[in-house]
1. I'd like to know if segment 226-247 contains one or more residues that are open to solvent by 40 Å² or more (accessible area, probe 1.4 Å), touching a strand residue (DSSP E or B) at 6+ places or on another chain (Cβ under 8 Å), more than 25 Å from H311 (Cβ to Cβ) and away from ligand 1 (no atom under 13 Å from the Cβ).
2. Where residues in segment 59-79 are crowded, with 24+ Cβ neighbours inside 10 Å and of a type in the set (G, A, S), which of them is farthest from ligand 2 (Cβ to nearest atom)?
3. Of all residues in segment 39-48 being of a type outside the set (D, E, K, R) and under 21 Å from the mean Cα position of the chain (by Cα), which is most open to solvent (accessible area, probe 1.4 Å)?
4. Out of V76, V58, V46, report the one residue that is touching a residue at least 24 places away in the same chain (Cβ under 8 Å), touching a Leu at 6+ places or on another chain (Cβ under 8 Å) and within 16 Å of ligand 1 (Cβ to nearest atom).
Amino acid sequence: MIPKPLIDPYQRHLSYLRISITDRCNLRCIYCMPREMIPKLEHSAVLRYEEILRIARVAAGLGITKLRVTGGEPLVRRDACDLLAQLNRLPGIREVSLTTNGVLLTERLDDILAAGVRRVNISLDSLKPERFAVITRVNCFRKVWDGIMAALDRGMAPVKINVVALRGVNDDELTDLAALSLRYPVHVRFIEQMPIGEAALQPVRPLLTPEIKTLLAPLGQLEPVPASANDGPAERYRIPGAPGEIGFISALSHHFCHRCNRLRLTAIGGLRPCLLSDYEEDLRTPLRHGAPDEALAEVFLNAVRHKPAGHHLAEPRHKEVASAMSGIGG
Ligand code: SAM
Ligand code: SF4
C-alpha cells in the first residue's frame, strides 16, 4: 500500500493512535462509570486482537508512529501483553505505551517490559486509601501504589501519574500529589474533569487549571520545562530541584486542539477523530466484511477529513459527549 500521510483540513499531521481494547474495568471511578455494572459490550462486538493488529498495521502505513493501549482497563483483557508485544513489532511503529489504573501492574510488569513497553500512565486521584476507595469504589490503593513503585524500580520512564482534579473530592490533596515529583522521578499530570460519560451526568463545576495552579501555590514558583518534540497536550513544569515533573492537561480551560495529533480506536472498532465529539467512523463492519487494506485506509482518511478544528466544551451551550470514556479510552 502506498503510504499517504494523515493530514487533516487544518494541516495537523496525525501520527498517534490510542486504542481502547476493552470497555471493562476492575474499578468504577465516580467520574467514569456508574456504580452498578453497566451492560458490557457483547464479546463479539469487541475487536479481536488480530483485528486490532490489522487496523494498527494499516494505520502505520498511513504514518501513525505512536500507539497507546488503553480501555476500560486494558490489563483486565486476557493476553493484553501479547497484543502489546505484537503492536510493538509492527513496521513503522516507534512507540507503544500503556494507560492503566495500576491495579494489575505489579503482576503484569514482567510481561509488559518483555513486550517492549517503557512508558506507562497510571491513574491515581488520591493518596488516602479510604478516599481512593470512595473515588474508585474499590479498596485497592495499596496495589496501585505498589504498581507505581514497581514500575519505577524496573526503570520504566516516564512514569506518568494522571490525577483528575475533582472539586470537593481531592482538591485538598493536590499539593501532596504534586509533591510526589519531589520524591520520585514521576510526571504528575492534573487533568480537568471533562463532561463525558458519567461525568456528563453530574452537575459539577470542574476544577480548571488556573484554580489548580493556585491550589499548588504552597509548593513555590514552578519552573516551566522546555517543550520537546514528543510532548503531548500537557503544559509541563518542575518544582525547582525535583527529579519529577508536574503537568496540566487543560482540555477545557486552554484547549490544545490546534496541535492535536490523535485519533482514537474504540473497543468496538469506531475511529474517532476527536475525544470530545461523538462523531466516529466504523472500521469493524468493513473489516468483518473482508475489506482490503485500501478500503480501511479510506475509512481513516474519511475520519481525518472530519476532525474538527476544536471542541466547544468551554462554550455555555455545548453538547455533552454521550459516549462512555471507558469505551473510548480517554
Ligand atoms: N483504566 C485506565 C485508567 O484509568 O488509567 C485507562 C482508561 S481511563 C478512561 C483513561 C484516563 O481517562 C484516566 O486517567 C482517567 O482518569 C481519565 N478519565 C476518565 N473519565 C474522565 C473524565 N470525565 N474527565 C477527565 N478524565 C477522565
Ligand atoms: Fe476504570 Fe479507568 Fe474508568 Fe476508572 S477511569 S473506571 S480505572 S476505565
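The values are calculated or read from the model by the stated rules, or taken from the named source; none is laboratory data. What you see is a predicted model; the values in this text were computed from it and never measured. When we count neighbours, we look across all protein chains shown, and the Cβ atoms used for this are built from the backbone with ideal geometry, even at glycine. Surface areas here come from the heavy atoms of the whole protein model, side chains and all, with no ligands, DNA or RNA. Shrake-Rupley method; radii C 1.70, N 1.55, O 1.52, S 1.80 Å.
1. yes
2. This residue is A59.
3. Step one: filter segment 39-48 for residues of a type outside the set (D, E, K, R), giving 39, 41, 43-47.
Narrowing the set further to residues that are under 21 Å from the mean Cα position of the chain (by Cα) leaves 41, 46-47.
Numbers: L41: 54, V46: 22, L47: 2 Å².
Only one residue tops the list, namely L41.
4. V76
Here's the yes/no breakdown for (1) assigned to a loop (DSSP other than H, G, I, E, B); (2) open to solvent by less than 10 Å² (accessible area, probe 1.4 Å); (3) in contact (Cβ under 8 Å) with a residue 24 or more places away in the chain; (4) in contact with a His (Cβ under 8 Å, 6 or more places away or on another chain):
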residue	(1), (2), (3), (4)
L27	yes, yes, yes, no
C32	yes, no, yes, no
E50	no, no, no, no
C81	no, no, yes, no
L87	no, yes, yes, no
P91	yes, no, yes, no
L109	no, yes, yes, no
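Yes/no per residue for (1) within 20 Å of the chain's Cα centre (by Cα); (2) more than 14 Å from ligand 2 (Cβ to nearest atom); (3) in a loop (DSSP other than H, G, I, E, B):
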site	(1), (2), (3)
I112	yes, yes, no
I122	yes, no, no
I135	yes, no, no
R142	no, yes, no
D146	no, yes, no
V164	yes, no, no
V169	no, no, yes
